[in-house]
Amino acid sequence: MTAIRSSNRTQRLVLGFFAAAFAVLVLILVAAPDIYDGTLALDPGHPFPAVAFLILLGAFLALLGFGVLRRWRWIFWLILLAFLSGSLRAIASALELTDVLQPQGPTWYVELQAGIGVVQVVIAIAMIAGYRKAGVWGAF
């Protein structure tokens, strides 16, 4: 618990994003499991592969979260690069919504992907501001 108390705004923002992303993934699995079936090319009606994927993804996010709390430099750069690439997610979603690209799911899912991409870019900008102000994992 002391690691969370000693964390700064940048770290808490990234950790909050991870928690929210995982919560959304669980909600999608419960409310619209067909999204997992289509995205992961799974057999419909067999929830085990989707649940296994969710567990593995949760473990990966936990590892990233541990690295955030420990202020690992390489995790900072990895997350920053991943969040900056959220702009590509937002652009692809916009192209899907305008029928330039074939939609990869229902409209609400494409809009959710666009929103996630925008949030990732905003967090990346905050991370860059913190880096310029105080170095790796510096508060923005």
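The values are calculated or read from the model by the stated rules, or taken from the named source; none is laboratory data. Here the structure is a predicted model, which means the values were calculated and not measured. Backbone-built Cβ (ideal geometry, glycine too); neighbour counts: all protein chains shown. Quick note on the areas: whole protein, heavy atoms, side chains included, nothing else; ligands and nucleic acids left out. Shrake-Rupley method; radii C 1.70, N 1.55, O 1.52, S 1.80 Å.
Only one entry of 125, 116 meets the criterion of being open to solvent by 20 Å² or more (accessible area, probe 1.4 Å), without any contact (Cβ under 8 Å) to a residue 24 or more places away in the chain, assigned to a helix (DSSP H, G or I) and on the phi < 0 side of the Ramachandran plot, and that entry is 125. Considering the conditions (1) at pLDDT 90 or above; (2) open to solvent by less than 90 Å² (accessible area, probe 1.4 Å), residue 73 is excluded by exactly one of them, (2). From the list 91, 55, 28, the lone residue that is part of a helix (DSSP H, G or I), β-branched (Val, Ile, Thr) and either open to solvent by less than 60 Å² (accessible area, probe 1.4 Å) or closer than 23 Å to residue 138 by Cβ (or both) is 28.
Scanning region 94-113 for residues that are of a type in the set (Val, Ile, Thr), open to solvent by 60 Å² or more (accessible area, probe 1.4 Å) and part of a helix (DSSP H, G or I) turns up just one, 107. Of the residues making up region 64-88, those that are in a helix (DSSP H, G or I) and in contact with a Phe, Trp or Tyr (Cβ under 6 Å, 6 or more places away or on another chain) are 65, 76.
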